[in-house]
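First comes the structure, then the notes that go with it.
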Amino acid sequence: MYLAVLEEATSVALVQEAEGVERPVYFVSQTLHTAETRYQMIEKVALALVLTTRRMHPYFQNHLITVRTDYPIFKILSKLDLVGRMIDWSVELSEFDIHYQPRGAIKSQCLADFSAELTPLPTLSGGWTLYVDGSSNKTACGAGVVLEGLDDPLLEQALQFGFRATNNQAEYEALLAGLKLAYNMGAREVVCKNDSQFMVSQIKGEFEVKEPLLQCYYHAAQNSIARFNKAPLEHIPREDNKRANILFKLSVTKKKSHQRSVIQIWLRHPSVSETECPAIDEVEAETDNWMTPIIQYIKNDTCKPEQEKAMKQQCARYTMINEDLYQRGYSTLLLKCITSKRAEYILAEIHEGICGNHYGRYGPVGRLLSVDCPG
């Protein structure tokens, strides 16, 4: 059986193959109603198959049916997390002995004429695009995944977390879930797009990953990407990632009763844990940084003789609290002194989060003054 889907109609050709010759048996054509024209492409393919089983019920009951299509319809209908009409159709089709194969070459001339009027169906060799977005707020944490291929075979996945997570952790969870979905659908070349500049830069090696938990997520993401032939990660503006963001909101606000083909998943535990992560050396080199002479002078009153006067004047503006060095501000709280690497990491965290890097002009300044200040 061959399936073909247009914007406003579906067509099915049932043939019998004997000794390499395909003989037409039945032809079904269905015009889609107004609401059905708004279905996603993968829903239209499933609808065409369901309508055919209802029209040719005796054939499906008494024979093995092989459906030849390049859409990953079997992998989608076999998922346990489907909702709405897709799960209804999956149950309805389960009573028949249906096998699925790639379409391949079409031998019959009537089928060649039949398919000539149709747009070409996608293959799994490439052309997949993955949009992911994760976020966390005071009430819930979740993520949204949108996977689309050629000719718009669109898959949507909404994940709700059963655990607390930071924004960066949610972004990594969304990426891992999206890569898993793409791999299960047979995609081996996929372009991953995300609006988190922080995570994208970490995956590309532009930002250093210092937190132990994010280190675990970083290695898990690299292992998932390595399974693909090609899986570049791109940063996009937040307005270009609206669909994935809407799915996140869906995961934390709506129940599993809406007639959509969205795969809704409840993720009880994080994908990785710190115990699974290899040992990470988090001790920064304290030698040869700008704080070392000041700390030595405050603690031990030691410095080079020629620098004693200058060092005394300089150290008058600093103090030690719990082995940490702080500078006395003129009109602010005590300012914690940090290394250059730590400063880069804090700046990246300040500019990252649910608002991206769109803070106001004075926003980062006020936030930086409150970072790591003593209680």
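What follows draws every value from the coordinates through simple rules; no lab data is involved. As the structure is a computational prediction, the values presented were derived from the model and not from experiment. Backbone-built Cβ (ideal geometry, glycine too); neighbour counts: all protein chains shown.
As a rough footprinting exposure proxy, the listed residues Trp266, Trp290 were ranked by other beta carbons within 10 Å of their own, and the order from fewest upward is Trp290, Trp266. For the range 153-210, the spread of Cα coordinates along the three principal axes comes to 36, 29, 16 Å, biggest extent given first. For the pair Thr66 and Glu8, a Förster radius of 25 Å applied to the C-beta separation gives a FRET efficiency near 0.40, rounded to the nearest 0.05.
Going by a ≥ b ≥ c, the root eigenvalues of the Cα gyration tensor, does the range 128-269 fall in the rounded group (a/c under 1.5), the prolate group (a/b larger than b/c) or the oblate group? Each step should come with its number before you reach the end.
On the way: a/c = 1.63, a/b = 1.11, b/c = 1.47.
Because a/c hits 1.5 or more and a/b fails to exceed b/c, the range 128-269 counts as oblate.
Checking the table Lys75/Lys180; Lys79/Lys180; Lys210/Lys230; Lys180/Lys230; Lys193/Lys230; Lys138/Lys180 against a 18 Å threshold on Cα-Cα, which pairs fail? Show your work: numbers first, answer last.
Values: Lys75/Lys180 13 Å; Lys79/Lys180 13 Å; Lys210/Lys230 27 Å; Lys180/Lys230 14 Å; Lys193/Lys230 14 Å; Lys138/Lys180 28 Å.
Over 18 Å apart, Cα to Cα: Lys210/Lys230; Lys138/Lys180.
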